[in-house]
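Presented below is the structure to which this report refers.
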Amino acid sequence: MKQTLLMLSLALAGTFGCATAAPEAKVETFNGATPLEWSQRLARSEMARFGHELEAGGRGFARNGKPGDARWDYSPSVFALSLVKLGERVGDDEFVQYGIRAVASHVSIDGTIQHYKLEDYSVDNVAPGRVLLMALERGDKNEAWARAAHTLRQQMATHPRTSQGGFWHKKRYPYQMWLDSMFMASSYLAEYAALFHEPALYDDVAKQILLMNEHLYDPVTGLYWHGWDEKRVQGWANPKTGDSPCFWSRSIGWYAVGIVDILDYLPKDHPQRTEIIAVLQRVADGIVRWQDPETGLWWQITDQGGRPGNYLEASGSSMFVYTLAKAINRGYLPREKYEAVARQGYAGLIAHRIKLGANGSVSLTHIVEGVGLGYKNAEGRDRDGSFAYYTSEPVVDNDPKGTGPFILAGIELQQLLETKAK
(Lines give C-alpha, C1' and ligand atoms only; values in the text may rest on other atoms or scores of the structure.)
Protein backbone atom coordinates (compact mmCIF):
# COMPACT_ATOMS: atom_id res chain seq x y z
CA MET A 1 0.00 0.00 0.00
CA LYS A 2 2.85 2.40 0.84
CA GLN A 3 4.37 1.70 -2.56
CA THR A 4 1.04 2.45 -4.23
CA LEU A 5 0.70 5.76 -2.39
CA LEU A 6 4.26 6.69 -3.34
CA MET A 7 3.52 6.00 -6.99
CA LEU A 8 0.38 8.11 -6.78
CA SER A 9 2.31 10.96 -5.18
CA LEU A 10 4.96 10.83 -7.88
CA ALA A 11 2.27 10.76 -10.55
CA LEU A 12 0.61 13.75 -8.91
CA ALA A 13 3.84 15.72 -9.03
CA GLY A 14 4.33 14.80 -12.67
CA THR A 15 0.81 15.79 -13.62
CA PHE A 16 1.49 19.36 -12.64
CA GLY A 17 4.20 19.53 -15.27
CA CYS A 18 2.10 18.38 -18.19
CA ALA A 19 -1.28 16.94 -19.10
CA THR A 20 -1.71 13.21 -19.64
CA ALA A 21 -3.25 13.81 -23.05
CA ALA A 22 -2.62 17.01 -24.98
CA PRO A 23 -5.73 18.65 -26.47
CA GLU A 24 -6.09 18.58 -30.22
CA ALA A 25 -6.44 22.35 -30.43
CA LYS A 26 -5.28 25.23 -28.28
CA VAL A 27 -7.77 25.50 -25.42
CA GLU A 28 -8.33 28.34 -23.01
CA THR A 29 -6.65 27.89 -19.65
CA PHE A 30 -7.86 28.79 -16.17
CA ASN A 31 -5.12 29.86 -13.79
CA GLY A 32 -2.57 28.20 -16.05
CA ALA A 33 -4.27 24.88 -16.83
CA THR A 34 -7.01 23.56 -19.09
CA PRO A 35 -10.19 22.07 -17.62
CA LEU A 36 -8.99 18.56 -18.42
CA GLU A 37 -5.69 19.23 -16.65
CA TRP A 38 -7.55 20.50 -13.57
CA SER A 39 -9.69 17.34 -13.58
CA GLN A 40 -6.56 15.19 -13.63
CA ARG A 41 -4.87 17.24 -10.92
CA LEU A 42 -7.79 16.93 -8.53
CA ALA A 43 -8.28 13.25 -9.40
CA ARG A 44 -4.66 12.40 -8.63
CA SER A 45 -4.73 14.47 -5.46
CA GLU A 46 -7.76 12.55 -4.22
CA MET A 47 -6.31 9.19 -5.24
CA ALA A 48 -3.16 10.03 -3.27
CA ARG A 49 -5.21 11.17 -0.25
CA PHE A 50 -7.46 8.11 -0.18
CA GLY A 51 -5.07 5.39 -1.31
CA HIS A 52 -7.10 2.17 -0.96
CA GLU A 53 -9.36 3.51 1.78
CA LEU A 54 -12.49 3.63 -0.42
CA GLU A 55 -12.23 -0.09 -1.12
CA ALA A 56 -13.84 -2.76 1.03
CA GLY A 57 -12.02 -2.95 4.35
CA GLY A 58 -10.78 0.64 4.11
CA ARG A 59 -11.66 3.59 6.31
CA GLY A 60 -13.75 5.35 3.68
CA PHE A 61 -14.03 9.11 3.93
CA ALA A 62 -14.98 11.35 6.83
CA ARG A 63 -18.64 11.92 7.62
CA ASN A 64 -19.66 14.47 10.22
CA GLY A 65 -15.97 14.98 10.89
CA LYS A 66 -15.41 11.30 11.74
CA PRO A 67 -13.87 8.59 9.53
CA GLY A 68 -15.94 5.48 9.05
CA ASP A 69 -15.73 2.14 7.31
CA ALA A 70 -15.70 2.12 3.52
CA ARG A 71 -19.04 0.90 2.25
CA TRP A 72 -21.37 0.59 -0.71
CA ASP A 73 -22.41 4.23 -0.82
CA TYR A 74 -23.51 6.75 -3.42
CA SER A 75 -21.11 9.47 -2.28
CA PRO A 76 -17.73 7.86 -3.12
CA SER A 77 -19.32 6.27 -6.17
CA VAL A 78 -19.84 9.72 -7.71
CA PHE A 79 -16.08 10.25 -7.48
CA ALA A 80 -15.44 6.73 -8.78
CA LEU A 81 -17.72 7.28 -11.77
CA SER A 82 -15.87 10.49 -12.63
CA LEU A 83 -12.54 8.63 -12.55
CA VAL A 84 -13.76 5.99 -14.99
CA LYS A 85 -14.97 8.67 -17.38
CA LEU A 86 -11.77 10.67 -16.96
CA GLY A 87 -9.59 7.65 -17.62
CA GLU A 88 -11.51 6.87 -20.79
CA ARG A 89 -11.22 10.50 -21.91
CA VAL A 90 -7.45 10.79 -21.46
CA GLY A 91 -6.53 7.15 -22.13
CA ASP A 92 -5.20 6.46 -18.63
CA ASP A 93 -6.29 3.09 -17.27
CA GLU A 94 -5.02 3.96 -13.77
CA PHE A 95 -8.00 6.27 -13.30
CA VAL A 96 -10.41 3.67 -14.66
CA GLN A 97 -9.21 0.81 -12.49
CA TYR A 98 -9.09 2.94 -9.34
CA GLY A 99 -12.70 4.00 -9.89
CA ILE A 100 -13.90 0.45 -10.58
CA ARG A 101 -12.10 -0.99 -7.53
CA ALA A 102 -13.61 1.65 -5.23
CA VAL A 103 -17.07 0.24 -6.02
CA ALA A 104 -16.58 -3.33 -7.24
CA SER A 105 -14.54 -4.34 -4.18
CA HIS A 106 -17.81 -4.21 -2.22
CA VAL A 107 -19.30 -6.97 -4.40
CA SER A 108 -18.62 -10.53 -3.19
CA ILE A 109 -17.62 -13.33 -5.53
CA ASP A 110 -21.21 -14.63 -5.54
CA GLY A 111 -22.57 -11.24 -6.60
CA THR A 112 -23.96 -10.14 -3.24
CA ILE A 113 -23.34 -6.53 -2.28
CA GLN A 114 -21.73 -6.18 1.12
CA HIS A 115 -23.86 -4.36 3.72
CA TYR A 116 -26.63 -3.77 1.13
CA LYS A 117 -30.24 -4.53 2.01
CA LEU A 118 -32.77 -4.52 -0.81
CA GLU A 119 -35.63 -4.20 1.67
CA ASP A 120 -34.36 -0.77 2.73
CA TYR A 121 -35.61 0.48 -0.64
CA SER A 122 -33.20 3.40 -0.77
CA VAL A 123 -32.44 4.93 -4.17
CA ASP A 124 -29.09 6.06 -2.73
CA ASN A 125 -28.04 2.40 -2.74
CA VAL A 126 -28.64 2.11 -6.48
CA ALA A 127 -26.27 4.88 -7.59
CA PRO A 128 -22.98 2.93 -7.15
CA GLY A 129 -24.30 0.42 -9.67
CA ARG A 130 -23.54 2.82 -12.50
CA VAL A 131 -19.83 2.11 -12.02
CA LEU A 132 -20.52 -1.63 -12.36
CA LEU A 133 -22.49 -0.99 -15.54
CA MET A 134 -19.65 1.07 -16.98
CA ALA A 135 -17.19 -1.72 -16.16
CA LEU A 136 -19.44 -4.27 -17.87
CA GLU A 137 -19.86 -1.98 -20.88
CA ARG A 138 -16.07 -1.91 -21.19
CA GLY A 139 -16.09 -5.66 -21.72
CA ASP A 140 -15.25 -6.82 -18.20
CA LYS A 141 -17.19 -10.10 -18.22
CA ASN A 142 -17.57 -10.38 -14.47
CA GLU A 143 -20.62 -12.44 -13.55
CA ALA A 144 -20.58 -11.24 -9.95
CA TRP A 145 -20.86 -7.61 -11.08
CA ALA A 146 -23.68 -8.53 -13.45
CA ARG A 147 -25.57 -10.31 -10.66
CA ALA A 148 -25.14 -7.26 -8.43
CA ALA A 149 -26.47 -5.05 -11.21
CA HIS A 150 -29.52 -7.31 -11.56
CA THR A 151 -30.12 -7.09 -7.80
CA LEU A 152 -30.31 -3.29 -8.05
CA ARG A 153 -32.68 -3.62 -10.97
CA GLN A 154 -34.82 -5.97 -8.86
CA GLN A 155 -34.97 -3.35 -6.10
CA MET A 156 -36.36 -0.76 -8.48
CA ALA A 157 -38.85 -3.27 -9.92
CA THR A 158 -40.48 -3.53 -6.49
CA HIS A 159 -39.57 -0.09 -5.13
CA PRO A 160 -42.48 1.73 -3.45
CA ARG A 161 -44.13 4.46 -5.52
CA THR A 162 -46.52 7.37 -5.34
CA SER A 163 -50.04 6.97 -6.70
CA GLN A 164 -48.80 8.18 -10.12
CA GLY A 165 -45.84 5.79 -10.17
CA GLY A 166 -43.07 8.09 -8.90
CA PHE A 167 -40.30 6.43 -6.91
CA TRP A 168 -40.22 7.17 -3.19
CA HIS A 169 -36.81 8.48 -2.25
CA LYS A 170 -36.55 5.79 0.41
CA LYS A 171 -38.91 3.45 2.20
CA ARG A 172 -38.41 5.54 5.33
CA TYR A 173 -39.59 8.62 3.36
CA PRO A 174 -43.08 7.46 2.32
CA TYR A 175 -44.83 9.14 -0.62
CA GLN A 176 -41.90 11.54 -1.09
CA MET A 177 -40.11 12.30 -4.35
CA TRP A 178 -36.75 14.06 -4.08
CA LEU A 179 -34.80 15.55 -6.97
CA ASP A 180 -31.78 13.49 -5.86
CA SER A 181 -33.49 10.33 -7.12
CA MET A 182 -33.05 11.33 -10.75
CA PHE A 183 -29.31 10.75 -10.50
CA MET A 184 -29.44 7.98 -7.90
CA ALA A 185 -31.90 5.61 -9.57
CA SER A 186 -33.29 6.81 -12.89
CA SER A 187 -29.93 7.35 -14.59
CA TYR A 188 -28.97 3.83 -13.47
CA LEU A 189 -32.14 2.37 -14.96
CA ALA A 190 -31.56 4.12 -18.30
CA GLU A 191 -28.04 2.74 -18.54
CA TYR A 192 -29.22 -0.70 -17.41
CA ALA A 193 -31.95 -0.67 -20.06
CA ALA A 194 -29.35 -0.05 -22.77
CA LEU A 195 -26.89 -2.67 -21.55
CA PHE A 196 -29.38 -5.46 -20.81
CA HIS A 197 -31.89 -4.64 -23.55
CA GLU A 198 -34.94 -3.83 -21.44
CA PRO A 199 -36.60 -1.06 -23.48
CA ALA A 200 -39.69 -0.84 -21.28
CA LEU A 201 -37.49 0.77 -18.64
CA TYR A 202 -37.10 3.87 -20.80
CA ASP A 203 -40.79 4.66 -20.36
CA ASP A 204 -40.46 4.40 -16.57
CA VAL A 205 -37.42 6.67 -16.55
CA ALA A 206 -39.23 9.22 -18.71
CA LYS A 207 -42.15 9.10 -16.27
CA GLN A 208 -39.87 9.96 -13.34
CA ILE A 209 -38.46 13.01 -15.13
CA LEU A 210 -41.88 14.32 -16.09
CA LEU A 211 -43.46 13.68 -12.66
CA MET A 212 -40.72 15.67 -10.97
CA ASN A 213 -41.18 18.44 -13.50
CA GLU A 214 -44.91 18.41 -12.78
CA HIS A 215 -44.72 18.51 -8.99
CA LEU A 216 -41.42 20.23 -8.14
CA TYR A 217 -41.11 23.06 -10.67
CA ASP A 218 -41.75 26.61 -9.46
CA PRO A 219 -42.72 28.96 -12.32
CA VAL A 220 -42.04 32.07 -10.24
CA THR A 221 -38.31 31.39 -9.82
CA GLY A 222 -37.78 28.91 -12.63
CA LEU A 223 -36.25 26.52 -10.08
CA TYR A 224 -37.16 23.13 -8.61
CA TRP A 225 -38.00 22.43 -4.97
CA HIS A 226 -35.87 19.79 -3.26
CA GLY A 227 -38.69 17.45 -2.24
CA TRP A 228 -42.40 16.79 -2.67
CA ASP A 229 -44.75 14.98 -0.27
CA GLU A 230 -47.77 13.56 -2.05
CA LYS A 231 -49.72 13.18 1.22
CA ARG A 232 -48.86 16.70 2.55
CA VAL A 233 -48.21 15.27 6.01
CA GLN A 234 -44.51 16.04 6.47
CA GLY A 235 -43.66 18.99 8.69
CA TRP A 236 -41.60 20.53 5.88
CA ALA A 237 -44.30 20.15 3.22
CA ASN A 238 -46.37 23.04 1.91
CA PRO A 239 -49.94 22.07 2.90
CA LYS A 240 -51.27 23.07 -0.53
CA THR A 241 -48.55 21.87 -2.91
CA GLY A 242 -46.60 19.33 -0.84
CA ASP A 243 -43.31 21.00 -1.82
CA SER A 244 -40.38 21.64 0.51
CA PRO A 245 -39.65 25.30 1.33
CA CYS A 246 -36.19 25.88 -0.21
CA PHE A 247 -34.32 25.57 -3.49
CA TRP A 248 -31.11 23.64 -2.82
CA SER A 249 -28.55 23.91 -5.60
CA ARG A 250 -27.13 20.41 -5.25
CA SER A 251 -30.57 18.82 -5.43
CA ILE A 252 -31.29 20.76 -8.62
CA GLY A 253 -27.88 19.56 -9.78
CA TRP A 254 -28.81 15.91 -9.13
CA TYR A 255 -31.91 16.39 -11.28
CA ALA A 256 -30.01 18.18 -14.04
CA VAL A 257 -27.10 15.72 -14.17
CA GLY A 258 -29.53 12.81 -14.09
CA ILE A 259 -31.46 14.11 -17.09
CA VAL A 260 -28.44 14.96 -19.24
CA ASP A 261 -26.93 11.53 -18.51
CA ILE A 262 -30.21 9.71 -19.18
CA LEU A 263 -30.36 11.30 -22.65
CA ASP A 264 -27.17 9.40 -23.51
CA TYR A 265 -29.23 6.20 -23.39
CA LEU A 266 -32.81 7.23 -24.14
CA PRO A 267 -33.50 6.16 -27.75
CA LYS A 268 -33.53 8.96 -30.30
CA ASP A 269 -37.04 7.92 -31.37
CA HIS A 270 -38.51 7.69 -27.86
CA PRO A 271 -41.88 9.49 -27.95
CA GLN A 272 -41.05 11.65 -24.92
CA ARG A 273 -37.46 12.53 -25.79
CA THR A 274 -38.37 15.95 -27.18
CA GLU A 275 -40.44 16.73 -24.08
CA ILE A 276 -37.57 15.69 -21.83
CA ILE A 277 -35.11 17.90 -23.69
CA ALA A 278 -37.57 20.76 -23.15
CA VAL A 279 -37.49 20.00 -19.42
CA LEU A 280 -33.69 20.11 -19.52
CA GLN A 281 -33.88 23.50 -21.22
CA ARG A 282 -36.22 24.69 -18.46
CA VAL A 283 -33.74 23.50 -15.83
CA ALA A 284 -30.92 25.28 -17.68
CA ASP A 285 -32.84 28.55 -17.80
CA GLY A 286 -33.24 28.46 -14.03
CA ILE A 287 -29.52 27.81 -13.66
CA VAL A 288 -28.69 30.77 -15.86
CA ARG A 289 -31.09 33.10 -14.05
CA TRP A 290 -29.61 32.50 -10.60
CA GLN A 291 -25.90 32.48 -11.38
CA ASP A 292 -24.00 34.88 -9.12
CA PRO A 293 -22.86 37.69 -11.48
CA GLU A 294 -19.74 38.51 -9.49
CA THR A 295 -18.19 35.05 -9.07
CA GLY A 296 -20.00 32.93 -11.67
CA LEU A 297 -20.93 30.42 -8.96
CA TRP A 298 -24.25 29.40 -7.42
CA TRP A 299 -25.47 29.73 -3.84
CA GLN A 300 -26.30 26.92 -1.44
CA ILE A 301 -29.89 28.25 -1.35
CA THR A 302 -30.11 29.02 -5.03
CA ASP A 303 -32.40 32.05 -5.08
CA GLN A 304 -31.23 33.82 -1.92
CA GLY A 305 -27.75 35.02 -2.83
CA GLY A 306 -26.23 37.39 -0.32
CA ARG A 307 -28.62 36.52 2.51
CA PRO A 308 -26.64 36.22 5.77
CA GLY A 309 -25.64 32.60 6.30
CA ASN A 310 -25.87 31.64 2.64
CA TYR A 311 -22.68 30.78 0.74
CA LEU A 312 -21.43 29.93 -2.74
CA GLU A 313 -21.37 26.14 -2.85
CA ALA A 314 -18.99 24.03 -4.95
CA SER A 315 -20.86 20.78 -5.64
CA GLY A 316 -24.01 22.39 -7.03
CA SER A 317 -21.90 24.82 -9.05
CA SER A 318 -19.86 21.94 -10.52
CA MET A 319 -23.04 20.05 -11.42
CA PHE A 320 -24.47 23.08 -13.18
CA VAL A 321 -21.30 23.60 -15.24
CA TYR A 322 -21.25 19.92 -16.16
CA THR A 323 -24.91 19.94 -17.18
CA LEU A 324 -24.67 23.06 -19.33
CA ALA A 325 -21.42 22.04 -21.02
CA LYS A 326 -22.59 18.50 -21.75
CA ALA A 327 -25.99 19.69 -22.99
CA ILE A 328 -24.27 22.07 -25.42
CA ASN A 329 -21.88 19.34 -26.55
CA ARG A 330 -24.81 16.99 -27.23
CA GLY A 331 -26.83 19.63 -29.04
CA TYR A 332 -29.62 19.97 -26.46
CA LEU A 333 -28.81 23.63 -25.72
CA PRO A 334 -27.64 26.38 -28.08
CA ARG A 335 -24.00 27.36 -27.61
CA GLU A 336 -24.61 31.06 -28.06
CA LYS A 337 -26.98 31.27 -25.08
CA TYR A 338 -25.34 28.97 -22.52
CA GLU A 339 -21.61 28.68 -23.26
CA ALA A 340 -20.63 31.88 -21.46
CA VAL A 341 -22.55 30.78 -18.36
CA ALA A 342 -20.77 27.41 -18.24
CA ARG A 343 -17.39 29.02 -18.81
CA GLN A 344 -17.95 31.69 -16.15
CA GLY A 345 -19.12 29.05 -13.70
CA TYR A 346 -15.99 27.00 -14.25
CA ALA A 347 -13.76 30.08 -13.99
CA GLY A 348 -15.46 30.84 -10.68
CA LEU A 349 -14.71 27.36 -9.37
CA ILE A 350 -11.03 27.69 -10.22
CA ALA A 351 -10.74 31.23 -8.85
CA HIS A 352 -12.78 30.80 -5.67
CA ARG A 353 -13.11 27.11 -4.79
CA ILE A 354 -9.82 25.47 -5.82
CA LYS A 355 -7.07 25.54 -3.21
CA LEU A 356 -3.46 24.49 -3.86
CA GLY A 357 -1.53 22.73 -1.10
CA ALA A 358 2.10 23.22 -0.21
CA ASN A 359 2.93 19.80 -1.67
CA GLY A 360 1.28 20.64 -4.99
CA SER A 361 -1.98 18.91 -4.14
CA VAL A 362 -5.34 20.32 -5.21
CA SER A 363 -8.47 20.65 -3.05
CA LEU A 364 -12.04 21.61 -3.82
CA THR A 365 -13.48 23.70 -0.98
CA HIS A 366 -16.91 24.84 0.27
CA ILE A 367 -18.86 21.61 -0.31
CA VAL A 368 -21.92 21.05 1.85
CA GLU A 369 -21.46 17.64 3.45
CA GLY A 370 -25.10 16.57 3.31
CA VAL A 371 -28.68 17.84 3.46
CA GLY A 372 -31.95 15.95 3.82
CA LEU A 373 -35.61 16.30 4.71
CA GLY A 374 -37.28 14.82 7.77
CA TYR A 375 -35.87 13.15 10.88
CA LYS A 376 -32.86 14.82 12.59
CA ASN A 377 -29.28 15.46 11.57
CA ALA A 378 -26.18 14.21 13.40
CA GLU A 379 -26.41 17.09 15.87
CA GLY A 380 -30.04 16.39 16.70
CA ARG A 381 -31.40 19.33 14.69
CA ASP A 382 -34.67 18.88 12.82
CA ARG A 383 -34.17 18.58 9.07
CA ASP A 384 -37.15 20.85 8.49
CA GLY A 385 -36.22 22.19 5.06
CA SER A 386 -35.75 25.73 6.35
CA PHE A 387 -33.09 28.20 5.24
CA ALA A 388 -31.55 27.98 8.72
CA TYR A 389 -31.29 24.20 8.46
CA TYR A 390 -29.86 24.09 4.92
CA THR A 391 -27.17 26.61 5.81
CA SER A 392 -26.25 24.97 9.13
CA GLU A 393 -24.98 21.62 7.86
CA PRO A 394 -21.16 21.19 7.80
CA VAL A 395 -19.21 22.69 4.89
CA VAL A 396 -16.11 20.65 4.03
CA ASP A 397 -13.30 20.23 1.51
CA ASN A 398 -13.00 17.38 -0.98
CA ASP A 399 -16.29 15.61 -0.35
CA PRO A 400 -16.77 13.12 -3.23
CA LYS A 401 -20.16 14.65 -4.02
CA GLY A 402 -18.22 17.74 -5.08
CA THR A 403 -14.95 16.37 -6.44
CA GLY A 404 -16.73 13.93 -8.76
CA PRO A 405 -18.91 16.58 -10.44
CA PHE A 406 -15.90 18.95 -10.70
CA ILE A 407 -13.91 16.30 -12.58
CA LEU A 408 -16.88 15.63 -14.86
CA ALA A 409 -17.36 19.36 -15.46
CA GLY A 410 -13.75 19.64 -16.61
CA ILE A 411 -14.19 16.79 -19.08
CA GLU A 412 -17.24 18.37 -20.70
CA LEU A 413 -15.95 21.95 -20.65
CA GLN A 414 -12.72 20.77 -22.28
CA GLN A 415 -14.75 19.29 -25.13
CA LEU A 416 -16.79 22.47 -25.42
CA LEU A 417 -13.68 24.64 -25.64
CA GLU A 418 -11.89 22.28 -28.02
CA THR A 419 -14.85 22.41 -30.38
CA LYS A 420 -14.79 26.20 -30.22
CA ALA A 421 -11.02 26.32 -30.81
CA LYS A 422 -11.35 24.15 -33.90
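The values are calculated or read from the model by the stated rules, or taken from the named source; none is laboratory data. Predicted model only: the values in this text are computed from it and were never measured. When we count neighbours, we look across all protein chains shown, and the Cβ atoms used for this are built from the backbone with ideal geometry, even at glycine.
General remarks:
- Members of the range 218-243 that are in contact with a Leu (Cβ under 8 Å, 6 or more places away or on another chain) and under 24 Å from LEU189 (Cβ atoms): TYR224, TRP225, HIS226, GLY227, TRP228
- Selection of the range 61-91 for residues being more than 21 Å from ALA185 (Cβ to Cβ), of a type outside the set (A, V, I, L, M, F, W, C) and surrounded by fewer than 20 Cβ atoms within 10 Å (Cβ to Cβ) yields ARG63, ASN64, GLY65, LYS66, PRO67, GLY68, ASP69, GLU88, GLY91.
- Among residues of the range 166-185, those that are over 18 Å from TYR217 (Cα atoms) and part of a loop (DSSP other than H, G, I, E, B), counted: 4
- Pairs where the first residue, in the range 96-118, is touching a residue at least 12 places away in the same chain (Cβ under 8 Å) and farther than 21 Å from VAL84 by Cβ and the second is crowded, with 24+ Cβ neighbours inside 10 Å and among the small types (Gly, Ala, Ser), C-beta under 6 Å, 6+ apart: none
- Residue match in the range 275-282 (condition: buried (at least 19 other Cβ atoms within 10 Å of the Cβ) and among the charged types (D, E, K, R)): no
- Only one entry in ALA314, ALA358, ALA388 is at pLDDT 95 or above, more than 30 Å from VAL233 (Cβ to Cβ) and among the small types (Gly, Ala, Ser), namely ALA314.
- Filtering the range 373-386 for residues that are under 27 Å from ARG49 (Cα atoms) and in contact with a Phe, Trp or Tyr (Cβ under 7 Å, 6 or more places away or on another chain) leaves an empty set.
- Restricting the range 201-236 to residues that are within 25 Å of the chain's Cα centre (by Cα) and among the small types (Gly, Ala, Ser), the residue that is nearest to ASP269 (Cα to Cα) is ALA206.
- Scanning the range 303-322 for residues that are surrounded by fewer than 24 Cβ atoms within 10 Å (Cβ to Cβ), touching a Cys at 6+ places or on another chain (Cβ under 7 Å) and within 18 Å of LEU223 (Cβ to Cβ) turns up nothing.
- Residue within the range 152-169 that is surrounded by 22 or more Cβ atoms within 10 Å (Cβ to Cβ), under 30 Å from ASP93 (Cβ atoms) and of a type outside the set (Val, Ile, Thr) present: yes
- Pairing residues of the range 20-42 that are in a helix (DSSP H, G or I) with residues that are surrounded by fewer than 16 Cβ atoms within 10 Å (Cβ to Cβ) and at pLDDT below 90, at Cβ distances under 8 Å and at least 6 apart in sequence or on separate chains, gives LEU36/ALA21.
- Test result for GLY253, crowded, with 23+ Cβ neighbours inside 10 Å, in contact with a Gly (Cβ under 7 Å, 6 or more places away or on another chain) and either part of a helix (DSSP H, G or I) or touching a residue at least 60 places away in the same chain (Cβ under 8 Å) (or both): yes
- Among residues of the range 196-219 that are of a type in the set (Phe, Trp, Tyr), those with a beta-carbon under 6 Å from a residue that is assigned to a helix (DSSP H, G or I) at least six positions away or on a different chain give the pairs TYR202/ALA193.
- Within the range 323-355, the only residue that satisfies the criterion of being buried (at least 24 other Cβ atoms within 10 Å of the Cβ) and of a type in the set (Phe, Trp, Tyr) is TYR346.
- ASP285 falls short on exactly one of the conditions (1) in a helix (DSSP H, G or I); (2) in contact with a Gly (Cβ under 6 Å, 6 or more places away or on another chain); (3) surrounded by 16 or more Cβ atoms within 10 Å (Cβ to Cβ), and that condition is (3).
- Selection status of ALA193, surrounded by fewer than 24 Cβ atoms within 10 Å (Cβ to Cβ), of a type in the set (Gly, Ala, Ser) and in contact (Cβ under 8 Å) with a residue 24 or more places away in the chain: yes
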